[in-house]
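Here the structure is laid out as structure tokens; the discussion comes afterwards.
The values are calculated or read from the model by the stated rules, or taken from the named source; none is laboratory data. These numbers were taken from a predicted model, which means no experiment stands behind them. FYI the Cβ positions are ideal-geometry reconstructions off the backbone, even for glycines, and counts take in every protein chain you see. For accessibility, only protein heavy atoms count, side chains too; no ligands or nucleic acids. Shrake-Rupley method; radii C 1.70, N 1.55, O 1.52, S 1.80 Å.
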Amino acid sequence: MMKKKLYIFIVIILSFLIFATYKIFVENKTIVEKDTILAMDTQISWVIYEKPFLYPLDLNEKIKTRINELVKLLSVTDENSEIYKVNHHQERDIKLSEDTKNVVLFALQMAEKTNGALEPTIYPVLREWGFTIGKYQIPDEAKIRDLLNYVDYRKVCLKENQIYLPEGMQIDLGAVAKGYIGDEIIKILKANNISSALINLGGNVQLLGTKPNGDLWNIGLKSPNSQDYIGILRLADCAVVTSGNYERYFIGEDNTILAYFRWKNRKTSR
């Protein structure tokens, strides 16, 4: 009987030691989890630094699902999106989801703070140039002047979840949608006990916490004229957003390069 009790005691002790050793090893082993998704005409990727035993197996799918939900609400070209319906609905009076309302409200607030430098109602002009739909052209000045009559964020009426646009006016939330998506990804990560991650949404970089060792992240700012960097930012727990004129563009009939954002480093017109 004593031998049996001793045997059980030894088994328990050994089990505890094995578990403790495993736990110490696992908890101190940092891994890198990566994934990517194509959305909003760009590659959205994330790198998560976390300890294996805390990492939910379906976390990447949760992030992708949330991104797709938001894209389906905010797209200007998807006929099933809320923004498309806002822009094309004959009654011009639409009830928005909470997400779309939040993004519209933020865009209007930024338009107010920048005195229209960020202009969410510029979409009719962008569409005429072919941006967002890929049918590029150079509109004549008379057409642009006519479309500018429908560009004025102050005429957008948003009351709770109801939005009203005057006839002919359309909105595009592309300037703020990526930031909102980045914030939503951060919320998911925090809800799953992730404390160290980097999210890349094209020209938007979102940082959660610091590196696992406590160091700041190094965010390189690419030079538009070469493959070099013009500077390095050392940051933590924030977002960095850049825009340039060296990637997206089209060439007009007079060989002038024209673009919406991110163009080649040549003579430009707008």
Q: Could you please give the count of residues in the range 101-130 that are in contact (Cβ under 8 Å) with a residue 60 or more places away in the chain and either of a type in the set (S, T, N, Q) or open to solvent by 30 Å² or more (accessible area, probe 1.4 Å) (or both)?
A: 5
Q. Within the bounds of the range 47-56, is there any residue that is touching a Ser or Thr at 6+ places or on another chain (Cβ under 6 Å), under 30 Å from PRO212 (Cα atoms) and not charged (D, E, K, R)?
A. yes
**Q.** Test: GLY220 is on the phi > 0 side of the Ramachandran plot and free of Cβ contacts under 8 Å to residues at least 24 places away in the same chain
**A.** no
Q | First in the range 141-155 and under 19 Å from MET110 (Cα atoms), second anywhere and in a helix (DSSP H, G or I) and open to solvent by 80 Å² or more (accessible area, probe 1.4 Å), Cβ under 8 Å, 6 or more apart | A | TYR153/GLU112
Q. Does LEU189 satisfy the condition of being touching a helix residue (DSSP H, G or I) at 6+ places or on another chain (Cβ under 9 Å) and either open to solvent by 20 Å² or more (accessible area, probe 1.4 Å) or not hydrophobic (A, V, I, L, M, F, W, C) (or both)?
A. no
Q) Here are some conditions: (1) over 21 Å from ASP58 (Cβ atoms); (2) open to solvent by 30 Å² or more (accessible area, probe 1.4 Å); (3) in contact (Cβ under 8 Å) with a residue 24 or more places away in the chain; (4) not in a loop (DSSP other than H, G, I, E, B). LEU207 meets all but one. Which one does it not meet? A) (2)
Q: With the condition kept exactly as written, say whether any residue in the range 52-61 is surrounded by fewer than 16 Cβ atoms within 10 Å (Cβ to Cβ), at pLDDT below 95 and within 18 Å of GLY174 (Cβ to Cβ).
A: no
Q. When you scan the range 205-232, how many residues do you find that are within 18 Å of LYS178 (Cβ to Cβ) and not polar (S, T, N, Q)?
A. 6
Q: Pull up the range 192-203, narrow it to residues that are within 29 Å of PRO124 (Cα to Cα) and open to solvent by 20 Å² or more (accessible area, probe 1.4 Å), then point me to the one that is modelled with the lowest pLDDT.
A: GLY202
Q. In the range 85-100, what count of residues is obtained for those that are modelled with pLDDT of 90 or more, open to solvent by 50 Å² or more (accessible area, probe 1.4 Å) and out of contact with any strand residue (DSSP E or B) (no Cβ under 9 Å at 6 or more places or on another chain)?
A. 1
(Q) Testing TYR229 on (1) of a type outside the set (Asp, Glu); (2) open to solvent by 60 Å² or more (accessible area, probe 1.4 Å); (3) touching a helix residue (DSSP H, G or I) at 6+ places or on another chain (Cβ under 6 Å), one condition comes back false. Which one is that? (A) (3)
